[in-house]
């Protein structure tokens, strides 16, 4: 084909391909630097298990120091031990993310401990599996407060530190229920739909501060939360496998790569997106 060059996404005749930079074997400096999180500090709410732990492991493997935020202190201690084995600093901060004062104290603790915050992962979540006509107001509020309002509070209070970092990253965890409805996940679906719109609003508001805000939409992942759903919803396991092109349930470590991408300079021109990580579940007709 000879000489090609690319303009506005189209390939045209022009510059010789030989003139383009050639990546030589062993020359990984450019690629690795784009995903390098050494010197960065990440907060992961709900980082002591499930998808949160999978993301925390990925961030730690890329060099980030981690603050694990959760209410279960024993699980958080185990997560911190796991992360420290990866050669990074890690602390556990016992926090009720639905309590604004507790979140403020957590942010202060992280800044005092590490001196900065570069990445915030709003992952804390829960579900109460009831159809809408059976759900009580206090149950609705509990799910909304944990899944949606906590993301607002954590992001709002972390914003000054994220801005000061010069290249802050916020990763909000939505769900396939951000796209689909489910009769047994009324409040959960509402909260996760809200996460996507909140992500878009923050992406617009904070772009001038060089803060990128994105959402991850997990599919059916093998966690404690979904094991409960499988026990309650007859035939769910088989239906998920039948609809998922990948032919399996997801694993928490499937979220390591996407977390590193969205936390790193590699995603500096990506903001306001909601990225499914679902083995193709959401694109199956």
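The values are calculated or read from the model by the stated rules, or taken from the named source; none is laboratory data. Since the structure is predicted, the reported quantities are computational estimates derived from the model, not experimental observations. For neighbour counting, all protein chains shown are included, and Cβ atoms are generated from backbone atoms with ideal geometry for every residue, glycine included.
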Inset, instruction - Could you please let me know if residue 241 is at pLDDT below 95 and either out of contact with any helix residue (DSSP H, G or I) (no Cβ under 8 Å at 6 or more places or on another chain) or assigned to a helix (DSSP H, G or I) (or both)? - result: yes
Inset, instruction - Report yes if some residue within the stretch 260-275 is part of a strand (DSSP E or B), without any contact (Cβ under 8 Å) to a residue 40 or more places away in the chain and in contact with a strand residue (DSSP E or B) (Cβ under 7 Å, 6 or more places away or on another chain); otherwise report no. - result: no
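Okay, residues lined up against (1) modelled with pLDDT under 95; (2) surrounded by 19 or more Cβ atoms within 10 Å (Cβ to Cβ); (3) closer than 21 Å to residue 280 by Cβ:
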| residue | (1), (2), (3) |
| --- | --- |
| 162 | no, yes, no |
| 166 | no, no, no |
| 169 | no, yes, no |
| 184 | yes, no, no |
Inset, instruction - Please tell me if residue 72 is surrounded by fewer than 23 Cβ atoms within 10 Å (Cβ to Cβ), modelled with pLDDT of 95 or more and more than 21 Å from the chain's Cα centre (by Cα). - result: no
Legend entry - Index of the failed condition, residue 138 passing every other in (1) in a helix (DSSP H, G or I); (2) surrounded by fewer than 16 Cβ atoms within 10 Å (Cβ to Cβ); (3) in contact with a helix residue (DSSP H, G or I) (Cβ under 8 Å, 6 or more places away or on another chain): (3)
Legend entry - Filter result for the condition that a residue is assigned to a helix (DSSP H, G or I), within 19 Å of residue 226 (Cβ to Cβ) and modelled with pLDDT of 95 or more, over 153, 143: 143
Inset, instruction - Taking residue 201 as meeting all but one of (1) in contact with a helix residue (DSSP H, G or I) (Cβ under 8 Å, 6 or more places away or on another chain); (2) part of a helix (DSSP H, G or I); (3) surrounded by fewer than 24 Cβ atoms within 10 Å (Cβ to Cβ), write down the number of the exception. - result: (1)
Inset, instruction - Take the stretch 37-53 and flag every residue that is in contact with a helix residue (DSSP H, G or I) (Cβ under 8 Å, 6 or more places away or on another chain) and either over 20 Å from residue 125 (Cα atoms) or surrounded by fewer than 24 Cβ atoms within 10 Å (Cβ to Cβ) (or both). - result: 37, 40, 41, 49, 50
Inset, instruction - Give the number of residues within the stretch 244-255 that are surrounded by 15 or more Cβ atoms within 10 Å (Cβ to Cβ) and assigned to a loop (DSSP other than H, G, I, E, B). - result: 2
Inset, instruction - Would you mention how many residues in the stretch 216-238 are more than 18 Å from the chain's Cα centre (by Cα) and either modelled with pLDDT under 90 or not in a helix (DSSP H, G or I) (or both)? - result: 11
Legend entry - Which listed residue, of 196, 213, is modelled with pLDDT of 90 or more, closer than 22 Å to residue 162 by Cβ and assigned to a strand (DSSP E or B): 213
Legend entry - Condition met for residue 92 (in contact (Cβ under 8 Å) with a residue 12 or more places away in the chain, surrounded by fewer than 24 Cβ atoms within 10 Å (Cβ to Cβ), in contact with a helix residue (DSSP H, G or I) (Cβ under 6 Å, 6 or more places away or on another chain) and not in a helix (DSSP H, G or I)): yes
Inset, instruction - Residues being within 21 Å of residue 192 (Cβ to Cβ) and not in a strand (DSSP E or B): count how many of those fall in the stretch 102-126. - result: 5
